[in-house]
Amino acid sequence: MCVFFWKSPSSFYKKMRKQNKVTRICKICRTEFKAWPSSTTKHCSIKCRNKSLIGHPVSQITKDKIHFAQLGEKNHNWKGGRILHKTGYYLIRQTAHPSRRKCDYVLEHRLVMESMIGRYLRPEEVVHHLNGIKTDNRPENLVVMPKGKHHWSLVIKAMRKRIIELENKIKAHHYI
């Protein structure tokens, strides 16, 4: 057995690897780089490789693989399936809900109301926040109302009713 190999096998293999690599020229930046003879790489770095891919057509199969590999919890930007929409309402990811949007999200206040009444809401039904805060999705703050002409009068009636309930609760608590 060779004494050199016995003392330091890693240095022996490092020496062998350096000797076996071949010099190539990068197709993008024209710099020299070392690569294994069996390797098919044509670029010195990932940055140059990505530059070479710009403008190349990608098949629909590849696009679908990338898309499905990054859905839901697999995505690096996953925040638990609850997002705040630009309109001020929370959206919850529900892939099997009948009234979901294209992106598989449903308005949270509609989900809360559906769980309260025990059925899916109809498209002609609207859920209102009594206190006017769109992110306050507590069951006691939500009311289902039909879409229609008397829409705002119904909201005002529901708000008045809720105000009376809260005033009575405060009075009862205050006197005890």
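We did not get these values from a lab; they are worked out from the coordinates using the rules stated. Since this is a predicted model, take the numbers as computed values, not measurements.
Mind listing the phi-derived Karplus ³J(HN,Hα) values for segment 131-138, rounded to whole Hz, using 6.51, -1.76 and 1.60 with θ = phi - 60°, and x for any glycine or proline?
Per-residue couplings from phi come out as 8, x, 8, 5, 8, 8, 9, 5 Hz.
Which whole-Hz ³J(HN,Hα) couplings does segment 42-47 yield from phi under the Karplus relation 6.51 cos²θ - 1.76 cosθ + 1.60, θ = phi - 60°, glycine and proline marked x?
10, 10, 7, 8, 5, 4
Between their Cα atoms, which of 63/102; 34/65; 21/42; 86/134 are more than 20 Å away from each other?
34/65
Would you work out if segment 78-175 is rounded, prolate or oblate? Take a ≥ b ≥ c from the square roots of the eigenvalues of the alpha-carbon gyration tensor; rounded if a/c is under 1.5, else prolate when a/b is larger than b/c, oblate otherwise.
It is prolate, given that a/c is not under 1.5 and a/b is the larger ratio.
When a/c reaches 1.5 or more, the comparison of a/b and b/c decides; with that in mind, is segment 25-136 rounded, prolate or oblate per its Cα gyration tensor?
It is prolate, given that a/c is not under 1.5 and a/b is the larger ratio.
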